[in-house]
Amino acid sequence: MDETPVLVDKRAGYRVVTLNRPSRLNSFNEAMHRALMAALTEAEADSACRAILLTGAGRGFCAGQDLSDRVASGDSKPDLGHTIETYYNPLVRKLRALPFPVVAAVNGVAAGAGANIALACDIVLAARGASFIQAFAKIGLVPDSGGTWILPRLVGAARARGLALLAEPLPAEKAEAWGLIWKAVDDDKLMAEAEKLAVHFAMAPTFGLAQIKRALDAAETNGLDAQLDLERDLQRQAGASPDYAEGVKAFMDKRAPNFSGRRS
Ligand code: T3D
């Protein structure tokens with residue numbers, strides 16, 4: 001039985017959030033959606049939380065929608081647009097907007113929405129044994145959770161089309177070589193590497209990192225002029241932050257900085 005669909009482990013400065021329906025490869029049912037959103041919202045509300053590490057229990061990361069909830073009964077047709085609007089889209093928006101980095105540790109297969117939720121995270125580490133599958137085409141669906149937006153941006157038009165139309169598994173090492181993810185690591189080193197990153201972010205200038213996320217997201221739609229203006233505005237805010245003052249002081253003092261992680 002997978003009784004607690006999402007596990008949250010509070011560490012110093014960050015939280016490990018684990019999708020926990022291993023018997024279904026951590027595919028999403030409504031309970032897991034609600035628990036994940038609650039975990040992210042609580043982390044955001046905790047000013048001591050400066051990073052999230054998202055991973056999956058068991059041998060998979062996440063196999064997307066739990067298809068056993070979608071078995072057709074009679075003539076009734078599910079409104080998948082409603083699920084997307086209610087659960088998947090808010091989840092992707094939340095991950096992108098969190099005011100601190102989210103590290104995905106993709107421990108095994110990431111399929112369907114599971115792949116695209118991993119790709120919505122800020123840094124994606126994957127075990128060499130993991131793979132990414134845009135599984136949608138196999139069941140007559142369209143890549144969702146931002147897949148049609150992020151794939152061409154990460155890997156280019158030709159590879160995005162191949163991944164989406166063929167729905168073949170992309171092994172982690174090839175995903176790294178194609179620029180889909182940050183890094184593929186040995187399976188037995190995945191969590192240690194991911195934790196190292198989370199600890200790094202837990203001691204980083206959080207406000208500045210949040211502004212970097214904003215700038216890079218805005219760059220997807222801005223022209224150069226608008227982006228230059230945005231950089232000016234964000235830099236003005238970053239330059240007024242206590243962590244910037246500390247960064248400069250620490251540099252001049254030739255010591256390691258002690259960032260507060262204050263979010264404003
Ligand atoms: O519906 C909406 O709201 C719209 C939103 C859609 C978003 C989506 O994500 S649509 C895409 C849904 N996902 C898929 O189509 C992927 C389905 N799964 C697979 O293709 C394969 O399981 C994998 C390629 C991911 C892994 O294959 P393999 O051979 O390593 O494992 P397996 O044996 O297929 O799966 C292990 C168990 O997990 C198995 O259960 P069993 O037989 O041991 O009792 C399998 O049925 C279960 N499982 C895996 N994925 C799902 C699932 N059960 C329900 N839903 C799943 N998505």
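Asp144 fulfils the conditions (1) within 9 Å of the ligand (Cβ to nearest atom); (2) in a helix (DSSP H, G or I) except for a single criterion, (2). The set of residues in the stretch 59-91 being near the ligand (Cβ under 7 Å from one of its atoms), within 18 Å of the chain's Cα centre (by Cα) and either surrounded by fewer than 21 Cβ atoms within 10 Å (Cβ to Cβ) or modelled with pLDDT under 95 (or both) consists of Ile84 alone. How about the stretch 212-257: which of its residues are surrounded by 14 or more Cβ atoms within 10 Å (Cβ to Cβ), within 25 Å of the chain's Cα centre (by Cα) and assigned to a loop (DSSP other than H, G, I, E, B)? Asn222, the sole residue that qualifies. If you go through the stretch 1-32 and keep only what is acidic (Asp, Glu) and either at pLDDT 95 or above or in contact with a strand residue (DSSP E or B) (Cβ under 8 Å, 6 or more places away or on another chain) (or both), you end up with Asp9, Glu30. Mind listing just one residue for me: the one in the stretch 5-38 that is away from the ligand (no atom under 12 Å from the Cβ), surrounded by fewer than 22 Cβ atoms within 10 Å (Cβ to Cβ) and assigned to a helix (DSSP H, G or I) and, of those, farthest from the chain's Cα centre (by Cα)? So, considering only residues that are away from the ligand (no atom under 12 Å from the Cβ), surrounded by fewer than 22 Cβ atoms within 10 Å (Cβ to Cβ) and assigned to a helix (DSSP H, G or I), the one farthest from the chain's Cα centre (by Cα) is Ala31. Among residues of the stretch 92-120 being part of a loop (DSSP other than H, G, I, E, B) and within 16 Å of the ligand (Cβ to nearest atom), the one that is surrounded by the fewest Cβ atoms within 10 Å (Cβ to Cβ) is Ala120.
Exactly one residue out of Leu197, Leu180 is touching a residue at least 60 places away in the same chain (Cβ under 8 Å), under 15 Å from Val106 (Cβ atoms) and assigned to a loop (DSSP other than H, G, I, E, B): that is Leu180. Annotation note: of Leu190, Leu151, Leu209, the sole residue that is buried (at least 16 other Cβ atoms within 10 Å of the Cβ) and over 30 Å from Ala12 (Cβ atoms) is Leu151.
Modelled with pLDDT of 95 or more and buried (at least 19 other Cβ atoms within 10 Å of the Cβ), is that true of Val142? Judged against the criteria, Val142 is not a match. Checked against the criterion of being more than 18 Å from Lys94 (Cβ to Cβ), without any contact (Cβ under 8 Å) to a residue 12 or more places away in the chain and of a type in the set (A, V, I, L, M, F, W, C), the candidates Ala45, Ala72 yield just one match: Ala72. Of the numbered criteria (1) surrounded by 22 or more Cβ atoms within 10 Å (Cβ to Cβ); (2) assigned to a loop (DSSP other than H, G, I, E, B); (3) of a type in the set (A, V, I, L, M), the one Ala204 fails is (1).
The values are calculated or read from the model by the stated rules, or taken from the named source; none is laboratory data. For clarity, every value in this text was computed on a predicted model and none was experimentally measured. Neighbour counts run over all protein chains shown; Cβ positions are idealised from the backbone, glycine included.
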